[in-house]
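Please read the structure below before turning to the comments.
The values are calculated or read from the model by the stated rules, or taken from the named source; none is laboratory data. Note that this is a predicted model, so its numbers are computed, not measured. Ideal geometry is used to build each Cβ from the backbone, glycine not excepted, and the neighbour counts take in all protein chains shown. Protein only, heavy atoms only, side chains kept; ligands, DNA and RNA dropped before computing areas. Shrake-Rupley method; radii C 1.70, N 1.55, O 1.52, S 1.80 Å.
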Amino acid sequence: MTKIKRRTFVGLAAATTTALSMPSIAFGALPRVVVIGGGAGGATAAKYIAKDSKGAIDVTLVEASKRYYTCFFSNLYLGDFRAYGSIGHNYYGLAVNHGVNMVHEWALSVNNAAKKVNLGSGESISYDKLVISPGIDLKFESVNGYSAEAQSKMPHAWKSGTQVQLLKNQVKGMKKGGTFVMVPPPNPYRCPPGPYERVSMIAHQFKKSNPTAKIVVLDPKNKFSKQGLFMEGWQKHYPGMIEWISAETHGGIKKINAATMEFETDLDTFKADAASVVPAQRAGRIAMNAGVNKGDWCPIVPASMQAQADENIYVLGDASVAKSMPKSGFSANSQAKVAANHIRGSLTGSKVFTPRFANTCWSLVATNDGIKVGANYKATDEKIDKTSGFISKTGEDSNLRKATYEESIGWYSGCLLYTSDAADEEDSVDLGGRRI
């Protein structure tokens with residue numbers, strides 16, 4: 001593949017099949033790293049491998065979308081705290097400032113023996129090390145009656161993209177005094193506090209424009225992340241609006257009728273005017289195709305994020321089995337830096353530092369009422385293990401809650417600097433055959 005320098009951007013179409021498939025280290029060329037997935041894990045790994053190797057490693061990022069919309073912070077869009085465009089990010093900074101080869105194609109499969117990634121175009125890319133950060137796929141069948149077709153009536157909005165816009169339109173268009181039903185997913189899933197922040201942001205919308213509306217949460221679990229903090233916030237800001245019903249109480253969702261918007265449980269049948277259903281999840285399909293999964297998720301070597309099934313493949317973020325670490329954008333970002341350091345060391349002989357991991361999950365309950373939970377972690381032989389943790393407390397001062405919210409905004413702005421350092425998609429520049 002033609003290498004993209006700092007001021008040159010060449011798309012996949014400009015590369016020959018020979019260049020795509022030629023081995024690298026054996027012929028004295030630069031070692032090659034291919035990263036699949038341009039989210040918080042994959043794009044961070046691509047950045048740090050390219051940036052810190054100072055041109056000693058050829059880095060290619062394979063991402064079908066030219067614009068990445070974060071699932072994290074999409075709830076703030078639902079609550080009118082962010083514009084939709086503010087959660088979208090391009091790859092200009094990676095290509096232009098860090099010299100990462102951007103390939104906007106679908107990665108279909110991995111040939112582990114030949115060390116090649118097969119693309120939707122029919123081409124393939126050779127690698128010496130492969131990073132897979134594919135996020136999640138949804139198990140629609142895990143909720144009886146839910147399906148890919150039903151998601152248009154009951155959006156999950158649990159992957160980046162336009163589903164969150166659809167959900168917001170349905171929330172804002174709901175009849176006065178109507179009922180919104182939220183079905184969170186079972187463990188494990190992406191962003192443990194996310195469904196309950198979503199409930200908070202929808203309640204925030206209703207408080208402004210539909211104050212007699214009700215929200216019913218039919219949870220498949222009997223407890224959830226930051227439960228005491230959320231319930232305190234719901235009572236303070238939205239008294240009488242939100243009813244959370246545990247699995248033990250409702251007995252399980254027996255069936256959803258998407259046509260009639262009805263949710264049948266042992267307790268009762270709930271009729272919704274608008275709804276969000278988030279089903280169970282698994283690692284993104286490309287991880288399954290690469291054969292690095294064990295069941296729904298991908299076990300990793302704790303100190304490096306290498307797949308236990310293949311030492312030349314690293315699995316980051318939601319798709320990985322990171323034990324104590326939750327599936328979150330912060331976790332993916334942290335894991336990417338550990339993997340990048342290990343990859344640079346294995347390919348160039350640079351120093352590999354003792355891995356340290358961190359995570360913080362922020363949630364917004366109401367205006368300037370931010371709460372958080374987080375921890376620091378270390379790698380042991382068996383797992384990524386928690387070494388210390390923290391969580392917001394009930395009854396905290398309003399100034400502290402505001403500072404917590406502002407802290408989350410600062411992290412979001414900093415963690416995604418790899419994407420939109422200059423041009424935006426709407427006025428992006430053509431740097432040689434493929435617009436960024």
| Among the residues of the stretch 320-374 satisfying the criterion of being over 20 Å from Gly389 (Cα atoms) and among the basic types (Lys, Arg), which is surrounded by the most Cβ atoms within 10 Å (Cβ to Cβ)? | Arg344
| field | Total residues in the stretch 198-219, condition under 26 Å from Phe390 (Cα atoms) and either part of a strand (DSSP E or B) or not acidic (Asp, Glu) (or both) | value | 4
| request: Check the stretch 233-248 and report whether any residue there is of a type in the set (A, V, I, L, M, F, W, C), in contact (Cβ under 8 Å) with a residue 60 or more places away in the chain and either buried (at least 22 other Cβ atoms within 10 Å of the Cβ) or in a helix (DSSP H, G or I) (or both). | output: yes
| field | Out of Pro184, Pro188, sole residue that is open to solvent by 10 Å² or more (accessible area, probe 1.4 Å), under 19 Å from the mean Cα position of the chain (by Cα) and touching a residue at least 60 places away in the same chain (Cβ under 8 Å) | value | Pro188
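Here is a yes/no grid of residues against (1) of a type in the set (A, V, I, L, M); (2) under 30 Å from Asp128 (Cβ atoms):
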residue: Ala322; (1), (2): yes, yes
residue: Ser334; (1), (2): no, yes
residue: Leu364; (1), (2): yes, no
residue: Ser388; (1), (2): no, no
| query | Is it the case that the stretch 252-263 has a residue that's part of a loop (DSSP other than H, G, I, E, B), over 22 Å from the mean Cα position of the chain (by Cα) and under 30 Å from Asn368 (Cβ atoms)? | reply | no
| task | Might you let me know whether the stretch 284-294 holds any residue that is polar (S, T, N, Q), open to solvent by 20 Å² or more (accessible area, probe 1.4 Å) and not in a loop (DSSP other than H, G, I, E, B)? | result | yes
| note | Checked Gly55, Gly38 against criteria (at pLDDT below 95, among the small types (Gly, Ala, Ser) and in a loop (DSSP other than H, G, I, E, B)); the one match is Gly55
| field | Members of the stretch 70-113 that are surrounded by fewer than 23 Cβ atoms within 10 Å (Cβ to Cβ), in a strand (DSSP E or B) and modelled with pLDDT of 95 or more | value | Leu108, Ser109, Asn111
